[in-house]
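Contents: one structure, followed by commentary.
Any read-out appearing in this document is the output of simple, stated calculations on the displayed coordinates, not a laboratory observation. From a predicted model like this one, the values you see are computed outputs, not experimental measurements. Ideal geometry is used to build each Cβ from the backbone, glycine not excepted, and the neighbour counts take in all protein chains shown.
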Amino acid sequence: MAKTSKSLSRRIIALVLLCSFFMMFVSAVVVHASHGNTLSHTWLHLHVLSAVTFIVAGVCHVVFNWQTLKFYILGNPKKD
């Protein structure tokens with residue numbers, strides 16, 4: 001994968017994470033507020049869909065940023 005393509009993928013994944021997190025928050029508030037309403041079922045499905053999207057995007061985020069995360073956790077072994 002080319003460097004620009006990987007950079008674009010990282011940006012898209014970060015944007016998907018942000019949007020799905022926001023949608024999870026909004027849908028959770030609406031589901032809680034409209035408990036028992038006929039629309040709560042639709043909002044509940046939207047909440048689950050955004051949660052699944054968030055988890056998949058989170059895994060992709062970790063995969064794309066594994067080297068950076070490993071550097072943060074283990075430090076720079078070349079300097080030791």
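Take the conditions (1) surrounded by 16 or more Cβ atoms within 10 Å (Cβ to Cβ); (2) within 28 Å of LEU69 (Cα to Cα); (3) among the aliphatic types (A, V, I, L, M); LEU18 misses just one of them, which is (1).
In segment 21-57, the qualifying residues are those that are loosely packed, with under 14 Cβ neighbours inside 10 Å and within 29 Å of LEU69 (Cα to Cα), and the one that is nearest to the chain's Cα centre (by Cα) is ILE55. Helices (runs of 4 or more DSSP H) fully within the chain that include at least 1 residues being without any contact (Cβ under 8 Å) to a residue 40 or more places away in the chain and among the basic types (Lys, Arg): 3-33, 66-74.
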